[in-house]
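Colleague: Quick one: this structure, given as structure tokens, is what I'll be asking you about.
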Amino acid sequence: MLRRMTMLGSGTSTGVPVIGCGCAVCTSTDPRNRRMRPGLQIEASGGTIVVDTSPDFREQALRFAVERVDAVLFTHAHADHVFGLDDLRIFNFRQRAPIPCYGPPETMARLRQIFAYVFEEGQEGGGKPKLELVAVTRPFDLLGERVVPIPVMHGEMEVYGWRIGNFAVVTDVNFIPESSWDSLAGVEVLVLSALRYRPHPTHWSFEESLAAARRIGARRTILTHIAHDIDHADLHVPVPPGVEIGHDGLVVELG
Ligand SMILES: [Zn+2]
Ligand SMILES: [Zn+2]
Ligand SMILES: [Zn+2]
């Protein structure tokens, strides 16, 4: 049974504030406008699943008390989603077991390239994470939950959204193919990326994400992967009932 979701990071690839930026959001004192790179913790009765390991993963794990990681679901291998991968090793040490990591076949291949030292023999002292990369293309059972990969497009790149029971996350998306809309039917809690107000070549804009949220029709939709032109408390576009802007540390009870 799913218990709760914690939003580990709600920001786009730069994080917010953006280095060197003096804009109103980057200098805001509202803590909800401080956004680490994207990631989620999903706690279930069978264990803890993390979605993506951002460059901020260590700080997220400390700040939001990620106590164990039994599996990782990767959406894709862009830096903002994977560059905290090495910090998974602490969970290997504590749990004394390798951690299975699931994702699209291309993402698993990219992880092997980007983190070659992790998957090669050697490195004296052995301070490396122990991970089992599992390329998946179909639904599978994980820690007692049914997990469904949901292929969506991020520009030219196919990335995965993930459905776990009646929860789903879809991030870094600008097109959802018809069969994947079907996979999202009946989702109750949805995390969906909504980058910024202006159009972008590989991400839906805020209004495009709102249109997708309406079509999916979850009871609760939480927007993430947010850039510095969106002020948490001062939206330029009204959001419909059931849709909200996420923030780092947001906890949603799923059980
Ligand atoms: Zn991203
Ligand atoms: Zn800024
Ligand atoms: Zn991306």
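The values are calculated or read from the model by the stated rules, or taken from the named source; none is laboratory data. None of the values given here were measured: they were computed from a predicted structure. As a convention, Cβ positions derive from the backbone with ideal geometry for all residues, glycine included, and neighbour counts pool all protein chains shown.
Colleague: Pairs please, first residue from segment 62-86 and under 20 Å from Ala227 (Cβ atoms) and at pLDDT 95 or above, second anywhere and within 13 Å of ligand 1 (Cβ to nearest atom) and of a type in the set (A, V, I, L, M), Cβ atoms under 6 Å, 6+ apart in sequence or on different chains.
Modeller: Filtered contacts from segment 62-86: Thr75/Val159; His76/Val159.
Colleague: With the requirement that a residue be touching a Phe, Trp or Tyr at 6+ places or on another chain (Cβ under 8 Å) and over 17 Å from His225 (Cβ atoms), what does segment 1-32 give you?
Modeller: Passing the criteria: only Leu2.
Colleague: Now for a separate question. Filtering segment 34-58 down to residues that are surrounded by 15 or more Cβ atoms within 10 Å (Cβ to Cβ) and among the polar types (S, T, N, Q), which residue is nearest to ligand 2 (Cβ to nearest atom)?
Modeller: Restricting attention to segment 34-58, the residues satisfying the condition of being surrounded by 15 or more Cβ atoms within 10 Å (Cβ to Cβ) are 34-44, 46-58.
Restricting the remaining residues to those that are among the polar types (S, T, N, Q) gives 41, 48, 53-54.
Working: Gln41: 27, Thr48: 33, Thr53: 25, Ser54: 19 Å.
Step by step, filter segment 34-58, then rank; the result is Ser54.
Colleague: Now for a different question. Scan segment 125-151 for residues that are loosely packed, with under 11 Cβ neighbours inside 10 Å, modelled with pLDDT of 95 or more and more than 10 Å from Ile164 (Cα to Cα) and jot them down.
Modeller: Scanning segment 125-151 gives Thr137, Arg138.
Colleague: Residues that are under 13 Å from the mean Cα position of the chain (by Cα), at least 1 per element: which helices (runs of 4 or more DSSP H) completely within segment 44-160 meet that?
Modeller: Answer list for segment 44-160: 57-63, 79-82.
Colleague: I've got another one for you. Restricting attention to segment 13-33, does a residue exist that is under 11 Å from the mean Cα position of the chain (by Cα), closer than 16 Å to Gly246 by Cβ and surrounded by 15 or more Cβ atoms within 10 Å (Cβ to Cβ)?
Modeller: No - not one qualifying residue is present in segment 13-33.
Colleague: Could I ask something else about it? So, of the residues in segment 214-235 that are under 15 Å from Cys23 (Cβ atoms) and assigned to a strand (DSSP E or B), which turns out to be farthest from ligand 2 (Cβ to nearest atom)?
Modeller: By that ranking, first place goes to Asp234.
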